[in-house]
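The values are calculated or read from the model by the stated rules, or taken from the named source; none is laboratory data. Treat the numbers as computed from the prediction; the structure is a model and nothing was measured. Cβ coordinates were reconstructed from backbone atoms using ideal geometry, including for glycine residues, and neighbour counts include every protein chain displayed. Heavy atoms of the whole protein, side chains included, go into the accessibility calculation; ligands, DNA and RNA do not. Shrake-Rupley method; radii C 1.70, N 1.55, O 1.52, S 1.80 Å.
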Amino acid sequence: MKIWQAVKLALVGIMTNKLRSFLTMLGIIIGVASVIALVSLTEGATGQITSQIEGLGSNLVAVTIRGRGMDTSLSYDEAMALRDEVSDITAIAPVINSNVTLKYGTKTSDSVQLIGTNDEYETARNVHVQSGRFILPIDVEYKQKVAVIGVQTAEDLFGFTNPVGQYVKVNGQKVKVVGLLQEQGSSLLGSGDDVIMMPVTAVERIMRTSGINMLYVQASSSGAVNSVVQRLQTVLTRHFRDENSVNILSQTQMLSTVNQITRTMSLLLGSIAGISLLVGGIGIMNIMLVSVTERTREIGIRKAIGAKKADILWQFLIEAVVLTGVGGIIGIILGVGGGTVFGRAFNLPISASPRIMLLAFAFAVGIGIIFGIYPANRAANLNPIEALRYE
């Protein structure tokens, strides 16, 4: 029997028993759809986070300070003095993070991210204003209550009114808006537009706190990053007298960490979804065994008129592969569609790569082959005389 004839017979069988065929394929459909949807969401999130990290520049270094004992931070002057001790640094941006409530007139915006920093943050983090100005050195020196806000913050408080030159209250204290940031977008890490930036010295006064626990450092070139990291580690370890007092990450290390985490997530999610494919394979084998029993007499007649063992084997094996193949195609359609709908509903990125679709489809067909061999072999080994006598 030609392969195409076996495929046509399998398709006719599927159409003749639509409900049974659908229920048989259901495990394959769910498995393939789950694999594609989950892995596509994970890869989409990975791509977005990776592009954002790469957008910071290849020479960014992030320093998190844990300190030692009661000494858990650096002063602003100590942070800026690192430039004198570590060569190849072009920008140092100390950061204080907090969440605050903003108020303008009758409008209030809660849990807005407050970033206390200096003028060098603009260079180190590659953020720019679309109108007004950024924080200036004089603002930091004189603890000026001025702010640069993100586009989402501006929209929430000012609507379509130009926020530059207006005054907002930050936790009840009056602050002048001097700049509006360019749109940065949102990610799984949070929104880059629902922010307010102020001079770090003014934030220390408003939040009644002191000390820097985080720094963004820009190396002079990508080739100088490793030496800057090593030198910062040495200087800060000496300052706190503890090698575990700081955590320093370069962009390369950030990307490596993100990729390692997302690869693990993809593997785990894909493995969980793959269980459905194994369950579907058991269903395929079960229904094919039932089919062999139902068609015992047909097999006997075919053998009696000259069909070879290989012909019977290939017929049933191809039927199993067609079932899983059709289920795989339906699963791909549902996986891409479902992942897209889910991504849009929750504002999550999705990347449905052809590689994942092909891999999921190939795995589904492989399940059909593996779980179809036993029923096909059982059909091929039937004795034609006993098969003809079967009622």
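Quick notes
- Gain in span if fully extended, V258 to I333, counting 0.36 nm per residue against the direct Cα distance: 24.1 nm
- Carbon + sulfur, % of accessible area of the chain - ligands and nucleic acids excluded, 1.4 Å: 57
- Note on the chain: lysine pairs with Cα distance below 19 Å, sequence gap of 8 or more or different chains, count 17.
- F160/L9 FRET efficiency (R0 45 Å; Cβ-Cβ; nearest 0.05): 0.10
- Matching the structure-derived percent of Cα pairs over 40 Å apart against the labelled list (1) 43; (2) 17; (3) 27 gives the label (1).
- Charge dipole of the chain about the Cα centre (unit charges at C-beta), most positive-ward option of L157, V217, L269: L269
- With helices as the sole contributors, the chain gives -19000 deg cm²/dmol at 222 nm; each DSSP H run of n ≥ 4 counts as -39500 (n - 2.57), and the sum is divided by every residue.
- Taken about its Cα centre, the chain carries a charge dipole of about 1580 debye when Lys and Arg each add +1 at the Cβ and Asp and Glu each add -1 at the Cβ.
- Model label points for T106 and R238, set 7 angstrom from Cα along the Cα-to-Cβ axis, are 6.1 nm apart.
- Of all complete DSSP H helices in the chain, those with a Cα span along the helix axis of 27 Å or greater and a mean Kyte-Doolittle hydropathy of -1.0 or more are 18-55, 251-294, 309-345, 354-380.
- Look at the dipole of the chain built from charges on Cβ: of I89, A362, I373, the Cα furthest out on the positive end belongs to I373.
- From the alpha carbon centroid of the range 235-307 to that of the range 15-41 is 16 Å.
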